[in-house]
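Undergrad: Sending over a structure as structure tokens; questions will come in a sec.
The values are calculated or read from the model by the stated rules, or taken from the named source; none is laboratory data. Here the structure is a predicted model, which means the values were calculated and not measured. A quick note on method: Cβ atoms are made from the backbone with ideal geometry, for glycine too, and the neighbour counts reach across all protein chains shown. Just the protein is used for accessible areas: all its heavy atoms, side chains included, with ligands, DNA and RNA removed. Shrake-Rupley method; radii C 1.70, N 1.55, O 1.52, S 1.80 Å.
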Amino acid sequence: MQTGILLAFLAYLAYSCSDAAGKLLGSHMSVFEIGFFVSLIALIPAVLSKRGDETWRQIARPRRPGLVALRVMTGTSGGITAVYAFTHLPMAEAYALIFLLPVFVAVLSATVLREVVTASRWLALLGGLAGVLLVVRPGFNALTLGHLSALVCAFCGASSAILLRQLGPTERRLTLVGAVLTGAVVVNGLLMVPNFVMPSLADWPILLFGGLCAGIGNIAMVVAARLAPASRIAPAQYSQIVWAAVLGAVLFGEFPDPLAVAGMALVGFCGMATLTGGTPAPAAVPGSAPARRHWTSAFRGAKA
């Protein structure tokens, strides 16, 4: 479990660097064009992670295609909304809303995965929510489509974490990573066509850096989800508070006011508190009757 948590920290560091790269390009490139090139380049680390005993045919044939397709949907939607949020909001403000991801994960872990989320962890998550409100301050600051995009990104990220927890034991790592990146390339590629502008020579190093960081983050997150419960690895996202402050200040001249800093500190403290205490309930063996019934009920609820 400790290894899984450490890998989650690495994943979120890589994601932060990729987010910063996208924000640097947001002033003159469309959201879909950024998503297309970053996802395309992110396939490079994914391809290099292929093991010698795997064949491309095996990788392209998931054992649970329905859940893999759902993972592609949540991953692609989360990527698009994340790029929009970071290109239209200060990094700290976008992260503050995306930090609601662990709250969504805790709810989904309890209802879908039937993991035990202790009362102390719920209290810490509510404290994190209070910190988010200090940063965003709804009612005092104008709420925009960027804020809504960040919230959608948080929910998509939580859904992806839950799906990875279910798919990790049965699917190949490259299948999970390659599927969502391929989906992102196709969707963003189609959406960017009407307003496509070829990136300049100066844009390519930034795109390359952002794509490689995204690919490394995806691989680290998939492995982390295999080693630790979803409710334990999601709070590692709070480490991005540090990177939001550093990258925002250094690259974009964004300096949160004292109240926002206090909110970010509260979010970080409560997020770290969720890493301790509580033992998740044993998960059903993938493919077993309880697991099948559980996911059947979940999909029926989604359809309703």
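Undergrad: With +1 assigned to the C-beta of every Lys and Arg and -1 to the C-beta of every Asp and Glu, and no other charges, what is the dipole magnitude of the chain about the Cα centre in debye, to the nearest 20?
TA: 1380
Undergrad: What are the ³J(HN,Hα) values, in whole Hz, obtained from phi via the Karplus relation 6.51 cos²θ - 1.76 cosθ + 1.60 with θ = phi - 60°, for each residue of segment 193-205 in sequence order, with x given for Gly and Pro?
TA: 4, x, 10, 5, 9, 4, x, 6, 4, 6, 6, 5, x
Undergrad: Taking amide hydrogens as modeled 1.01 Å from N in the peptide plane, which residues meet the under 5 Å criterion relative to GLU115, leaving out close sequence neighbours?
TA: For GLU115, the qualifying residues are ALA110.
Undergrad: Per-residue ellipticity at 222 nm for the chain, helices alone: DSSP H runs ≥ 4 residues times -39500 (n - 2.57), over residue total, nearest 500 deg cm²/dmol?
TA: Dividing the helical sum by the residues of the chain leaves -24000 deg cm²/dmol.
Undergrad: Give me the number: length gained by fully extending ALA60 to ASP257, i.e. 0.36 nm times residue separation minus the C-alpha to C-alpha distance, one decimal in nm.
TA: Stretched out fully, the ALA60 to ASP257 stretch lengthens by 66.1 nm.
Undergrad: Here's another thing I want to ask about it. Taking only protein heavy atoms into account and a 1.4 Å probe, give the accessible area per residue of the chain in Å².
TA: Averaged over the residues of the chain, the accessible area is 45 Å².
Undergrad: Please report the relative contact order for segment 43-193, taking Cα pairs under 8 Å with a sequence separation of at least 6, and give it as a percent rounded to a whole number.
TA: Relative contact order of segment 43-193: 48 percent.
Undergrad: Of (1) 22.9; (2) 21.2; (3) 19.5, which is the value of Kirkwood radius over Cα pairs in Å derived from the coordinates here?
TA: Among (1) 22.9; (2) 21.2; (3) 19.5, the one calculated here is (3).
Undergrad: Only Cα pairs under 8 Å and at least 6 apart count here; give the relative contact order of the chain as a rounded whole percent.
TA: Across the chain, relative contact order equals 39 percent.
Undergrad: Are there chymotrypsin sites (Phe, Trp or Tyr not before Pro) in segment 105-186 that DSSP puts in a loop and that have at most 12 other Cβ atoms within 10 Å, and which ones?
TA: Counting only loop positions with at most 12 other Cβ atoms within 10 Å, the chymotrypsin sites (Phe, Trp or Tyr not before Pro) in segment 105-186 are PHE140.
Undergrad: Which is farthest toward the positive dipole end of the chain among MET198, CYS270, MET91, measuring Cα position about the Cα centre, with Cβ charges +1 (Lys, Arg) and -1 (Asp, Glu)?
TA: Working it through, the farthest residue towards the positive pole turns out to be CYS270.
Undergrad: Further question: Considering Cα pairs under 8 angstrom that are at least six residues apart, work out the relative contact order of segment 150-261 and quote it in whole percent.
TA: 40
Undergrad: Now, a different point. Build a GNM of the chain with springs between Cα atoms under 10 Å: which of GLY183, GLY128, GLY211 gets the top mean-square fluctuation?
TA: Ranking GLY183, GLY128, GLY211 by mean-square fluctuation puts GLY183 first.
Undergrad: Turning to a different aspect of this structure: Hey, if we sort ARG61, ARG71, ARG114 by accessible area with the 1.4 Å probe, largest down, what's the order?
TA: ARG61, ARG114, ARG71
Undergrad: Roughly to the nearest percent, how much of the accessible area of the chain is carbon and sulfur, given a 1.4 Å probe?
TA: Answer for the chain: carbon and sulfur cover 72 percent of the accessible area.
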